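A.B. asks: One structure follows; several queries about it will come next.
Every read-out reported here was derived from the displayed coordinates using simple, explicitly stated rules and does not represent laboratory data. Here the structure is a predicted model, which is why all the values come from computation and not from measurement. With ideal geometry, Cβ positions are generated from the backbone for all residues, glycine too; neighbour counts draw on all protein chains shown.
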Amino acid sequence: MTRPGHEILASQPEVTRALENKDGKKIEAELLGKQGDTVIVLVRGRRYELKINSLSKKDQDFLANWHPGT
């Protein structure tokens, strides 16, 4: 388990996924890591931090079981 404030990052983007927010907007993102309730992604070369609870239930479930670097 990760302590709050510590991020887990993959050394290389491991997964490319079409993420969808609760409003139905989709983005194609490379998943870089997780930090607490945030997923760190790369979209068109830019790094973003997204609140996991802002994403669709399907993506929240996926991210709950995704472990960077394993």
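A.B. asks: Could you go through segment 39-52 in sequence order and give the Karplus-derived ³J(HN,Hα) for each residue, using 6.51 cos²θ - 1.76 cosθ + 1.60 with θ = phi - 60°, rounded to whole Hz, and x for Gly and Pro?
C.D. replies: 10, 9, 10, 10, 10, 6, x, 10, 8, 9, 10, 10, 5, 4
A.B. asks: Also, I was wondering about something else. Rank by packing, highest mean first: peptides 51-61, 30-40, 16-26, with packing defined as the count of other Cβ atoms within 10 Å averaged across residues.
C.D. replies: In decreasing order of mean packing, 51-61, 30-40, 16-26 become 30-40, 51-61, 16-26.
A.B. asks: On a straight-distance basis, which lysines could pair with Lys25 in a cross-link, Cα separation under 16 angstrom, same-chain partners fewer than 8 positions away excluded?
C.D. replies: Straight-distance partners of Lys25: Lys51, Lys57, Lys58.
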